[in-house]
Amino acid sequence: MKKYELVLEHSREDLNDKVTSLLNEGWDVCGSLIINRDDEGFPYFYQPMIKRD
(Lines give C-alpha, C1' and ligand atoms only; values in the text may rest on other atoms or scores of the structure.)
Protein backbone atom coordinates (compact mmCIF):
# COMPACT_ATOMS: atom_id res chain seq x y z
CA MET A 1 0.00 0.00 0.00
CA LYS A 2 1.18 3.54 -0.76
CA LYS A 3 0.49 6.66 1.25
CA TYR A 4 0.96 10.14 -0.16
CA GLU A 5 1.40 13.42 1.66
CA LEU A 6 1.88 16.92 0.32
CA VAL A 7 3.95 18.98 2.74
CA LEU A 8 3.07 22.69 2.68
CA GLU A 9 5.09 25.24 4.63
CA HIS A 10 5.59 28.99 4.38
CA SER A 11 9.29 28.95 5.20
CA ARG A 12 12.08 26.91 3.71
CA GLU A 13 13.44 26.07 7.17
CA ASP A 14 10.07 24.69 8.35
CA LEU A 15 9.80 22.65 5.15
CA ASN A 16 13.29 21.22 5.67
CA ASP A 17 12.41 20.27 9.26
CA LYS A 18 9.14 18.57 8.24
CA VAL A 19 10.69 16.70 5.28
CA THR A 20 13.62 15.53 7.44
CA SER A 21 11.17 14.28 10.05
CA LEU A 22 9.17 12.35 7.44
CA LEU A 23 12.36 10.89 5.92
CA ASN A 24 13.29 9.60 9.38
CA GLU A 25 9.84 7.96 9.59
CA GLY A 26 10.40 6.02 6.36
CA TRP A 27 8.86 8.42 3.84
CA ASP A 28 10.57 9.24 0.51
CA VAL A 29 10.56 12.38 -1.61
CA CYS A 30 8.23 11.89 -4.57
CA GLY A 31 8.49 14.61 -7.19
CA SER A 32 9.90 18.09 -7.37
CA LEU A 33 9.83 20.88 -4.86
CA ILE A 34 7.20 23.45 -5.88
CA ILE A 35 7.60 27.08 -4.89
CA ASN A 36 4.70 29.48 -5.33
CA ARG A 37 3.41 32.76 -3.91
CA ASP A 38 0.17 33.43 -2.07
CA ASP A 39 -2.15 36.37 -2.79
CA GLU A 40 -0.03 38.67 -0.64
CA GLY A 41 3.21 37.74 -2.41
CA PHE A 42 4.66 35.54 0.34
CA PRO A 43 6.33 32.33 -0.84
CA TYR A 44 5.14 28.89 0.13
CA PHE A 45 6.71 25.52 -0.57
CA TYR A 46 5.17 22.17 -1.50
CA GLN A 47 7.03 18.86 -1.34
CA PRO A 48 5.25 15.64 -2.38
CA MET A 49 6.15 12.64 -0.22
CA ILE A 50 5.36 8.91 -0.51
CA LYS A 51 5.49 6.00 1.92
CA ARG A 52 5.40 2.42 0.70
CA ASP A 53 4.25 -0.20 3.19
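When you go through (1) assigned to a loop (DSSP other than H, G, I, E, B); (2) without any contact (Cβ under 8 Å) to a residue 24 or more places away in the chain; (3) not aromatic (Phe, Trp, Tyr) one by one for Gly26, which number turns out not to apply?
Checking Gly26 against (1) assigned to a loop (DSSP other than H, G, I, E, B); (2) without any contact (Cβ under 8 Å) to a residue 24 or more places away in the chain; (3) not aromatic (Phe, Trp, Tyr), the one that fails is (2).
Go through region 1-10 residue by residue and tally those that are touching a residue at least 40 places away in the same chain (Cβ under 8 Å) and open to solvent by 50 Å² or more (accessible area, probe 1.4 Å).
Residues meeting the conditions: 6.
Being surrounded by 13 or more Cβ atoms within 10 Å (Cβ to Cβ) and over 10 Å from the mean Cα position of the chain (by Cα): is that true of Lys18 here?
no
Would you say Glu13 is assigned to a loop (DSSP other than H, G, I, E, B) and open to solvent by 80 Å² or more (accessible area, probe 1.4 Å)? Before you say what the answer is, go through the steps one by one.
Numbers: assigned to a loop (DSSP other than H, G, I, E, B): no; open to solvent by 80 Å² or more (accessible area, probe 1.4 Å): yes.
It is false that Glu13 is assigned to a loop (DSSP other than H, G, I, E, B) and open to solvent by 80 Å² or more (accessible area, probe 1.4 Å).
Could you list, ordered by first residue, the pairs with Cβ atoms under 6 Å in which the first is in region 39-53 and more than 9 Å from Leu6 (Cα to Cα) and the second is open to solvent by less than 30 Å² (accessible area, probe 1.4 Å), at least 6 apart or interchain?
As it stands, the answer is Phe45/Leu15; Lys51/Trp27, since those pairs meet every condition given.
The values are calculated or read from the model by the stated rules, or taken from the named source; none is laboratory data. Since the structure is predicted, the reported quantities are computational estimates derived from the model, not experimental observations. Positions of Cβ are generated from backbone atoms using ideal geometry, with glycine treated the same way; all protein chains shown enter the neighbour counts. To get the accessible areas, we keep the full protein, side chains included, count just its heavy atoms, and leave off ligands, DNA and RNA. Shrake-Rupley method; radii C 1.70, N 1.55, O 1.52, S 1.80 Å.
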